[in-house]
Amino acid sequence: MVIGLDGTPYSFLKKELDAGNLPNLAGLAQQGTFTRMESEIPTVSSVAWASFMTGKNPGEHGIFGFTDRKPGSWDLYFPNYAHLKEEPFWDRLGRQGKRCCVINVPGTYPARPLNGVLVSGFVAPSLERATYPREAFEYLNTSGYRIDVDAAKARESLDLLLEDLHETTERRREAILHFLKTEQWDFFMGVFTGTDRLHHFLWKQYAEGDPVYAREFIRFYQRLDEIIGEITSGLGDDTALLMMSDHGFCSLQRQVYLNHLLHEEGLLSFKNDEPVTIADVDPGRTRAYCMDPGRIYLSLKGREPEGTVSPGEEYEALIGRIVEMVSNLTDPETGEVIVDRVVRGRDLFQGAHAGLGPDLVAVPRRGFDFKGMVSRGALTDTGIFSGMHTHDDAMLYTGAGVPVIKEPHIRNVAALIEELALD
């Protein structure tokens, strides 16, 4: 069994375990091992969960972000389960006669057949298309199940968001307990994504000890701790238990818009004065552009439509210019250095689809979150979010009798699960 806690940092969990706030997780810690785990760069859930479920890097599974440019076009699309280029490990387990229940793993929409039950995680606009088999949909449709939190409520008030967050979590609990009881499963996975939503909107309040919302932050985790205790108490001694997150979290200071920088430097131009997305670029005058989170692409001849940058010397010269330009970025208000490092795509991605990935990925320092928006009139601003993803503080728990991965990386977990499931 695998329990997923989307975006839960190892450092946070250790702190709260030491403080005695999470008794059920503390009990599990005595039986197994919590450890810090490295996640993917770029640090976005769609990429991390794709790497987890396939055991492959983005150059192999083909998912580089929540949005991407359609090959041969400047139009954008939202990669989903159908675009995954490598099969998830539970498909392989299913072919070997193992019955799998996969509940709320992000990036699994639209649901497709497997030997068991699949309920897609976000982004999933239709519950019916998010569920396999039909009987599972009929149960969820009548039980009040929710695929995700309504994050728009945060714009009304944090109290409304918290109310919706708790309600969605209770429905997730009911579904997981239902399928645990009714399915004869060999592999079971349930993911709680409310943790990620909580962190995005209330992380800074937690970190700074807000008198109201820091307490609400911990109250949510205490309820989740109770639910985890309920789930794990029903597992037999012959069940291997793992728990994991797909990335870490930290406080967010400023959002950073690299497309503003590229535009100011004359490398990015648009067809109109009010661009909305990358689809509004002027191809003939664009040499580079950025997509979430910090993915920088050159307009390469033969790859981008009407590409302007020739492979070879011109490409390398522009790469060098952008690396230097981005590496030296500082916050206009505070003077703080924004960028930790800029990594070449060829050093991050290997595989048949690596060529679809970004040429560069800017890795931010903690507190600075890169955005791919094209309509911002400044390099930085603040938004509604108070927390941001980190790649180096994900969490992995291996229970009693489960081997400890020596150098934990999110890509390495699939092989361990397959080994345990087929033992």
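The values are calculated or read from the model by the stated rules, or taken from the named source; none is laboratory data. All figures in this text were calculated on a predicted structure; none of them were measured in a lab. With ideal geometry, Cβ positions are generated from the backbone for all residues, glycine too; neighbour counts draw on all protein chains shown.
Worth pointing out:
- Figure legend. Inter-residue proximity from the range 335-355: first residues closer than 21 Å to G62 by Cα, second residues charged (D, E, K, R), beta-carbon distance below 6 Å, spacing 6+ or different chains. Indicated pairs: G345/D359; G351/E60; H353/K85.
- The set of residues in the range 198-227 that are more than 21 Å from F368 (Cβ to Cβ) and of a type in the set (K, R) comprises R215, R219, R223.
- Hits in the range 348-373 (condition: in a loop (DSSP other than H, G, I, E, B) and touching a strand residue (DSSP E or B) at 6+ places or on another chain (Cβ under 7 Å)): P358, D359, R365, R366, G367, G372, M373
- Residue pairs whose Cβ atoms lie under 7 Å apart, separated by 6 or more positions or on different chains, with the first residue in the range 264-277 and closer than 14 Å to R376 by Cβ and the second acidic (D, E) and outside any loop (DSSP other than H, G, I, E, B), are F270/D280.
- F137 closer than 19 Å to G4 by Cβ, assigned by TED's automatic domain parsing to the domain that holds E226, in contact with a strand residue (DSSP E or B) (Cβ under 8 Å, 6 or more places away or on another chain) and at pLDDT 95 or above: no
- Any hit, the range 89-96, residues being in a loop (DSSP other than H, G, I, E, B), surrounded by fewer than 17 Cβ atoms within 10 Å (Cβ to Cβ), in the same structural domain as E170 (by TED's automatic domain parsing) and in contact with a Phe, Trp or Tyr (Cβ under 6 Å, 6 or more places away or on another chain): no
- Residue match in the range 68-75 (condition: surrounded by fewer than 20 Cβ atoms within 10 Å (Cβ to Cβ), in contact (Cβ under 8 Å) with a residue 60 or more places away in the chain and in contact with a His (Cβ under 8 Å, 6 or more places away or on another chain)): no
- Subset tally (residues that are surrounded by fewer than 24 Cβ atoms within 10 Å (Cβ to Cβ) and in a loop (DSSP other than H, G, I, E, B)) for the range 239-266: 7
- Only one of G320, G345 that is exposed (fewer than 14 other Cβ atoms within 10 Å of the Cβ) and under 30 Å from the mean Cα position of the chain (by Cα): G320
- Residues in the range 283-307 that are assigned to a loop (DSSP other than H, G, I, E, B) and either under 17 Å from F370 (Cα atoms) or out of contact with any strand residue (DSSP E or B) (no Cβ under 7 Å at 6 or more places or on another chain) (or both): T286, D292, P293, G294, G302, R303, P305, E306.
- F217 vs. criteria of a type in the set (F, W, Y), assigned by TED's automatic domain parsing to the domain that holds D6 and within 23 Å of the chain's Cα centre (by Cα): yes
- For V47, the conditions (1) touching a residue at least 24 places away in the same chain (Cβ under 8 Å); (2) surrounded by 20 or more Cβ atoms within 10 Å (Cβ to Cβ); (3) under 15 Å from the mean Cα position of the chain (by Cα) are fulfilled apart from (1).
- Some residue of the range 203-213 being of a type outside the set (F, W, Y), surrounded by 22 or more Cβ atoms within 10 Å (Cβ to Cβ), in a helix (DSSP H, G or I) and under 24 Å from the mean Cα position of the chain (by Cα): no
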